[in-house]
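This report refers to the structure that appears directly beneath it.
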Amino acid sequence: MWQSIRDMRIRNKLFLAYSCLFVISAVVAGVVIYSQVRTIIEKSIESELVRTTGTIANMVRANAAASIKNYLRAVAEKDLDVARDLHRQAQRGLITEEEAKQRASQVFLSQSIGKTGFIYCLDSNGVMVVHPKRSLVDVDMTGLPFAGRQMEQKTGYLEYEWKEPLEQGSRTKAIYMTYFEPWDWIISVSTYTEEFSELVKIEDFRKRILNMGFGESGYPFVIDYDGVLLIHPFLENKHHDEFNDPRLSKVAERIIKERNGSFNYSWKNPDEETYRRKVAYFRDIPEMGWIVASSSYLDDFYGPLTAIGYVIVGATVILLILMIPITMWVSSVITRPLKRLQRNFSQAAGGDFSVRMNVKTKDEIGLLGGYFNYFMERLTAYSDDLQNEIVERKKAEKELIALDKAKTLFLSSASHELRTPLTSIIGFLKLMEGNFKKRFQPVLKEQEGLDKYVDRFAENMVIVRSESDRLGRLVNDLLDLNKIESGRMEWRDESLKVEDILIRASEAISGYASDNPELDFVVDAPWQALFVKVDSDRIHQVLINLLSNAFKYTEEGEVTLAAESRSDGVLFMVTDTGRGISVEDRDKVFDLFYQAHDENRRSSKIFGTGLGLAISQQIVAHYGGRLTVESEQDEGSCFMFTIPKD
């Protein structure tokens, strides 16, 4: 698919790009506008329903409070009249003052207020004078908050929260008080507000509640805890089960269960044919045992969203129609000059470097034509120069090939010619050194005044022999390097056990180990049997080069020869705790004739050709590996390479 798009003409690509851009822009803008309008509408619905529900709840509470207050006030004032009448009888001598108080108490206690309400009296000191529970009579009640308020207020209405000992939660209690000063009695008519819901006259505010509708179909309703619809524009004064509508019962039961909150549901008014989605917000009036709710159909509020959707779709279609002529015009402005440029490139590819663009504008297309003309001028000049350079390079190439052959022939011949006399020189030097030490040195040292000359001559003999050995190693390394580079090296590959390779190398280097008793030499062979297919002498040459360098540059610590199995082959490692390699030397140690800088160290004692690591790198590369090093100054080095498993 992507390849097909890449292969399209520019005109089609522009149309596709512009169309996708406009469609995506329209969709994004539409989604944003739609979501914003939806959010605003939902917030408006929520705000309106919450406001209406709160207003209804407050109206019901206010009406209920007024009804309860008026009822309790009437009872309290009636009991105040009873106390006054009995007090007058006591003043006229018909009864004693104590009898008057007893009769008043009997009247008060004989009355019931609601289901659990009663009448009690406090004096201005907070002492209970009259109470249905005789255990509370003459008890100081000043420790209770409501008693303090009564002592301060003495007359009027107040509410407070009260919890009976066996109840789990507190409930609202209402008191209306009258004060009979002659006896210092605060006559208190007390009851729980929830027990007087029957005092509220629904007819007093039914019309006002139903007039609080909103939108085209929104309306409020009131339902009690028992499931009776107290106020509703269509269903009223019946339990929800009596309407034989499972949907109605389900909604009513959820409202009664949750009491506070909101949810969506399906609903159909009696005069409607289909169900529609509706939202309801409801609040609890626990003191009345009522739940007031406000509901409305969602489509009354979401109607504008449909119109917005039509506008977005229409605008998108119009933009797509306009895209066709715009794309054609833009593409023609671009493609016509590009086609001319394409034809000119085709001519130039055929060898005609004289073609040029006719530049008429200064826009990007015009600049491209100018660059093409400049490119062709430069290409013409480069073509002429290239022809001349090709002739010169062919001549130089022939000379280089001849020189390389001469170099190879010289190195091969010189190495062979040098090896024979060097072998004789080294042999005679060893013989001379041995004879001198055994026969001449003891005799000459007995001659007076010759001691220092004899010792110096012996030292010079050692230096000459050492340098001869070094020259011999250099000749051998040059021969090996020449064979590898010329492809004349003979490789006798065979399957070898890794453990045997390590043992052979460790035995060959044992002389270095014995000459350095302060160093520990560790061979860490793999526990499993591993095999590699290599030339025994060449892999031995690599390990000996690495081990000899490790012993040369390590004064104390240990040198480790190890191998381990890896997914890509067998990893060989030579690790030491010597002087390490500096950062500037680390990338050069594999170069030909390069030796690391060793200022103020043991340079005078360490001799090498500078070819060992280069030859080792070539041998490892022959087997598809790479010789690498990890090292830090004064912290040792680790040379490693990987050989494929057999």
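Please treat every number below as a calculation from the coordinates, not as lab data. A quick note: this is a predicted structure, and the numbers were derived from the prediction, not measured. All Cβ positions, glycine included, derive from the backbone under ideal geometry; neighbour counts span all protein chains shown.
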Quick check: pseudo-label points 7 Å beyond the Cα along Cα→Cβ at THR39 and ASP500, how many nm apart are they?
8.0
Counting other beta carbons within 10 Å of each residue's own, what order do TYR623, TYR382 fall into, fewest first?
TYR382, TYR623
Given a Förster distance of 51 Å, report the FRET efficiency between ARG149 and ALA29 from their Cβ-Cβ distance, rounded to the nearest 0.05.
0.25
Taking 0.36 nm per residue of separation and subtracting the Cα-Cα distance, what length does fully extending ILE326 through GLU518 add?
60.3 nm
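Got a sec? How would TYR225, TYR453 order by Cβ neighbour count within 10 Å, fewest to most? Each step should come with its number before you reach the end.
Numbers: TYR225 16, TYR453 12.
Starting with the residue having the fewest Cβ neighbours, the order is TYR453, TYR225.
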Inter-site label distance for LYS250 and LEU367 at 7 Å from Cα along Cβ, in nm:
6.8
In region 66-150, if the dipole is taken from +1 on Lys/Arg beta carbons and -1 on Asp/Glu beta carbons about the Cα centre, which of SER110, VAL130, ALA66 is farthest to the positive end?
ALA66
At 0.36 nm per residue, and after removing the present C-alpha to C-alpha distance, how many nm does the segment from THR172 to ILE95 gain when stretched out fully?
23.8 nm
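May I ask you to sort GLU397, GLU273 by Cβ crowding, counting other Cβ atoms within 10 Å and putting the fewest first? It would help to have the intermediate numbers written out before the result.
Working: GLU397 10, GLU273 6.
Sorted ascending by nearby Cβ count, the order is GLU273, GLU397.
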Determine the gain in length on full extension of the stretch VAL355-VAL443; use 0.36 nm per residue of separation and subtract their C-alpha separation, reporting nm with one decimal.
22.0 nm
Taking a ≥ b ≥ c as the square roots of the Cα gyration tensor eigenvalues, with a/c under 1.5 meaning rounded and otherwise prolate when a/b beats b/c or oblate if not, region 130-172 comes out oblate
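Work out the FRET efficiency for ASN435 and LEU400 from their Cβ-Cβ distance, taking R0 = 45 Å, and round it to the nearest 0.05.
Working: r = 51 Å, r/R0 = 1.13.
Efficiency computed from Cβ-Cβ geometry: 0.35.
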What is the calculated FRET efficiency for GLU635 to SER510, with r their C-beta to C-beta distance and R₀ = 30 Å, to the nearest 0.05?
0.70
